[in-house]
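J.: Would you mind keeping the following structure in view while I ask a few things?
The values are calculated or read from the model by the stated rules, or taken from the named source; none is laboratory data. This is a predicted model, so every value here is computed, not measured. Every residue, glycine as well, gets a Cβ built from its backbone with ideal geometry; the counts of neighbours run over all protein chains shown. These accessible areas exclude ligands, DNA and RNA; they are computed on the full protein's heavy atoms, side chains included. Shrake-Rupley method; radii C 1.70, N 1.55, O 1.52, S 1.80 Å.
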Amino acid sequence: MIKPGYYGQWGGAFIPEILYETFRELNATFARCQADKTFWQEYVELMSTYSCRPTPLTYAENLSRHFGGAQIFIKREDLNHTGAHKANNVMGQGLLVKRMGKKRVIAETGAGQHGVATATMAAKFGFACTIYMGEEDVQRQRPNVFWMEKLGATVVPVTSGSRTLKDAINEAFRDWVANMDTTHYVMGTVCGPHPFPAMVAWFQSIIGIEARKQIMQHFGKLPARVYACVGGGSNAMGIFQGFLDDREVELIGVEAGGKGIATKQHAARLASPDASPGVAQGYKTMFLQDSDGQMCDTHSVAAGLDYIGVSPILTDLWEKGRVRFAAATDAEVMAALDLTIKQEGIIPALESAHAFVHAFKEAGSLSKDEAIIINQSGRGDKDIFTIAHAFDDPSWKAFIREKGKQYAAD
Ligand SMILES: *Cc1c(COP(=O)(O)O)cnc(C)c1O
């Protein structure tokens, strides 16, 4: 028997009883929207006028020549409104909220990217919006907090626990339980209790639908491999869905190797031996946790990949051998970023650069009549502080120092 919301042994909906009715309504609305062709049309129309869909598939001619093997194509999710694939998910959920007749959305955010995307959607649809964020993250991610507030959202700094993402998740759930009649919780990735993994994967499938059509147009046949970075797993699920049934297309998910798998300072759930099965945050997957089930501290140079869990859908595909997992270290990521910027004039987000690392490692071993696709989940502009710091750029440091002095004098 197949249990709804399960992917093999993974997934489920571990929710407090008080939310059952809210989830029943959410499941019913989601099922209605999936069955209604006009809903998907409305979604595609919205994304083609408010975001940049269909996003292009760019032939990376210089990189292909550089590695001398497979023809490298880049799916340009960085060209979405707000700079990443996150727009697909939040705008889709926004349409769903409209159908449910709710007027308020909440979300939790770590690095702030999902918070900005949600606040953007709320501004567009005229919803009230509250974003929960660990106090520590509020301090580290001021530019994103600035934009969320400018977009009209209330940002609530969470002061409990470690004052980071997992505490923000708890706080957001508390809000939802108190306000479920009026409020929708906008999950940011293909994780959490059912139906969120299925729902987010559905909205993100637009990436894979486009990419499959585009590679057939540009290259005349399917790619040998498709690479995507994996935080929660939404951009990866998005593009992989276009090729899941094409068994000859190998799918590779790249996780954050941080300072190296051996150092334990990473966020590799499926590409390291360090994760184990567990139930947390409403669903069952492989978590980076200690033997008491306490969640570990993870590390990545890319904030969007720095997460203890991973999509139950991907865990199932990994267990079945359909998706191969690898990890890229912070140092490898900086090198791949540098090369991509110089060769193609494209600045990938630090998250996306993880996928580039493994594509680059393997491109040379494939033949010139094969293609690979890298999903560029987002653009790197947001990472200027981290990238300039990592490259130890002296004039950037002087610029920041000068700005600091100006503000100190105010
Ligand atoms: C948030 C984010 C990710 C990680 O999220 P997934 O759900 O794994 O896709 C990856 N890339 C970018 C640019 C992001 O902003």
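J.: Only one of (1) part of a helix (DSSP H, G or I); (2) modelled with pLDDT under 95; (3) exposed (fewer than 15 other Cβ atoms within 10 Å of the Cβ) is not met by Asp392, so which one is it?
T.: Of the numbered conditions (1) part of a helix (DSSP H, G or I); (2) modelled with pLDDT under 95; (3) exposed (fewer than 15 other Cβ atoms within 10 Å of the Cβ), the odd one out for Asp392 is (1).
J.: Is it true that some residue in the range 161-174 is of a type in the set (Phe, Trp, Tyr), part of a helix (DSSP H, G or I) and more than 21 Å from the chain's Cα centre (by Cα)?
T.: For the range 161-174, residues of a type in the set (Phe, Trp, Tyr), part of a helix (DSSP H, G or I) and more than 21 Å from the chain's Cα centre (by Cα): absent.
J.: Another question about this same structure. Filter the range 323-333 down to the residues that are over 19 Å from the mean Cα position of the chain (by Cα) and either farther than 10 Å from Val357 by Cβ or free of Cβ contacts under 8 Å to residues at least 40 places away in the same chain (or both) and list them by number.
T.: Ala331
J.: Looking at Ala408, Ala363 in this structure, which one is hydrophobic (A, V, I, L, M, F, W, C) and assigned by TED's automatic domain parsing to the domain that holds Ile341? I'd like the intermediate steps shown before the answer.
T.: Working: Ala408 fails: assigned by TED's automatic domain parsing to the domain that holds Ile341.
Result of the check over Ala408, Ala363: Ala363.
J.: Give the residue that is farthest from the chain's Cα centre (by Cα), with candidates limited to residues of the range 111-127 that are farther than 23 Å from Gln281 by Cα and open to solvent by 10 Å² or more (accessible area, probe 1.4 Å).
T.: Only one residue tops the list, namely Gly126.
J.: Residue check: is Phe356 of a type in the set (Phe, Trp, Tyr), touching a residue at least 40 places away in the same chain (Cβ under 8 Å), within 14 Å of the ligand (Cβ to nearest atom) and within 19 Å of Ala303 (Cβ to Cβ)? Walk me through it before giving the result.
T.: Working: of a type in the set (Phe, Trp, Tyr): yes; touching a residue at least 40 places away in the same chain (Cβ under 8 Å): yes; within 14 Å of the ligand (Cβ to nearest atom): yes; within 19 Å of Ala303 (Cβ to Cβ): yes.
Answer is yes for this residue.
J.: Do you know which residues across the range 187-242 are aromatic (Phe, Trp, Tyr) and either more than 12 Å from the ligand (Cβ to nearest atom) or surrounded by fewer than 24 Cβ atoms within 10 Å (Cβ to Cβ) (or both)?
T.: To start, the set of residues in the range 187-242 that are aromatic (Phe, Trp, Tyr) comprises 196, 202-203, 219, 227, 240.
Listed by number, the residues that qualify are Trp202, Phe219, Tyr227.
J.: Filter the range 13-28 down to the residues that are of a type in the set (A, V, I, L, M, F, W, C) and not in a helix (DSSP H, G or I) and list them by number.
T.: Across the range 13-28, the qualifying residues are Ala13, Phe14, Ile15.
J.: For Ser64, all conditions in the list (1) surrounded by fewer than 18 Cβ atoms within 10 Å (Cβ to Cβ); (2) among the small types (Gly, Ala, Ser); (3) within 23 Å of Val249 (Cα to Cα) hold save one; what is the number of the exception?
T.: Checking Ser64 against (1) surrounded by fewer than 18 Cβ atoms within 10 Å (Cβ to Cβ); (2) among the small types (Gly, Ala, Ser); (3) within 23 Å of Val249 (Cα to Cα), the one that fails is (1).
J.: For the range 223-246, name all the residues that are in contact (Cβ under 8 Å) with a residue 40 or more places away in the chain and not small (Gly, Ala, Ser).
T.: Within the range 223-246, Pro223, Arg225, Val226, Tyr227, Cys229, Val230, Asn235, Met237, Ile239, Phe240, Gln241, Leu244 meet the criteria.
J.: Name the one entry in Glu108, Glu77, Glu45 that is of a type in the set (Asp, Glu), more than 30 Å from Thr298 (Cα to Cα) and either loosely packed, with under 14 Cβ neighbours inside 10 Å or within 16 Å of the ligand (Cβ to nearest atom) (or both).
T.: Going through Glu108, Glu77, Glu45 in turn, just one is of a type in the set (Asp, Glu), more than 30 Å from Thr298 (Cα to Cα) and either loosely packed, with under 14 Cβ neighbours inside 10 Å or within 16 Å of the ligand (Cβ to nearest atom) (or both): Glu45.
J.: Restricting to the range 287-314, name every residue that is open to solvent by 10 Å² or more (accessible area, probe 1.4 Å), more than 10 Å from the ligand (Cβ to nearest atom) and either part of a helix (DSSP H, G or I) or of a type in the set (Phe, Trp, Tyr) (or both).
T.: Within the range 287-314, just Ile313 meets the criteria.
J.: Looking at (1) within 16 Å of the ligand (Cβ to nearest atom); (2) at pLDDT 95 or above; (3) closer than 22 Å to Val145 by Cβ, which is the only condition Gly92 fails?
T.: (3)
J.: Hey, could you check the range 22-42 for residues that are among the charged types (D, E, K, R) and free of Cβ contacts under 8 Å to residues at least 24 places away in the same chain and say which is least open to solvent (accessible area, probe 1.4 Å)?
T.: Restricting attention to the range 22-42, the residues satisfying the condition of being among the charged types (D, E, K, R) are 24-25, 32, 36-37, 42.
Still in the list and also free of Cβ contacts under 8 Å to residues at least 24 places away in the same chain: 24, 36-37.
Numbers: Arg24: 133, Asp36: 46, Lys37: 162 Å².
For the range 22-42, the residue satisfying everything is Asp36.
J.: Output the residues belonging to the range 170-186 that are among the β-branched types (Val, Ile, Thr) and either without any contact (Cβ under 8 Å) to a residue 40 or more places away in the chain or surrounded by 24 or more Cβ atoms within 10 Å (Cβ to Cβ) (or both).
T.: Keep residues of the range 170-186 that are among the β-branched types (Val, Ile, Thr), which gives 177, 182-183, 186.
Scanning the range 170-186 gives a single hit, Val186.
J.: For Glu250, are the conditions met, namely being acidic (Asp, Glu), at pLDDT 95 or above and open to solvent by less than 10 Å² (accessible area, probe 1.4 Å)? Spell out how you get there, then give the answer.
T.: Values: acidic (Asp, Glu): yes; at pLDDT 95 or above: yes; open to solvent by less than 10 Å² (accessible area, probe 1.4 Å): no.
Here the answer is no, as Glu250 does not meet what is asked.
J.: Same structure, new question: Hey, among the residues in the range 315-353 that are among the hydroxyl-bearing types (Ser, Thr, Tyr) and crowded, with 24+ Cβ neighbours inside 10 Å, which one's nearest to the ligand (Cβ to nearest atom)?
T.: First pass over the range 315-353, keeping only residues among the hydroxyl-bearing types (Ser, Thr, Tyr): 315, 329, 340, 352.
Among the residues that remain, those that are also crowded, with 24+ Cβ neighbours inside 10 Å are: 315, 340, 352.
On the way: Thr315: 13, Thr340: 14, Ser352: 5 Å.
This residue is Ser352.
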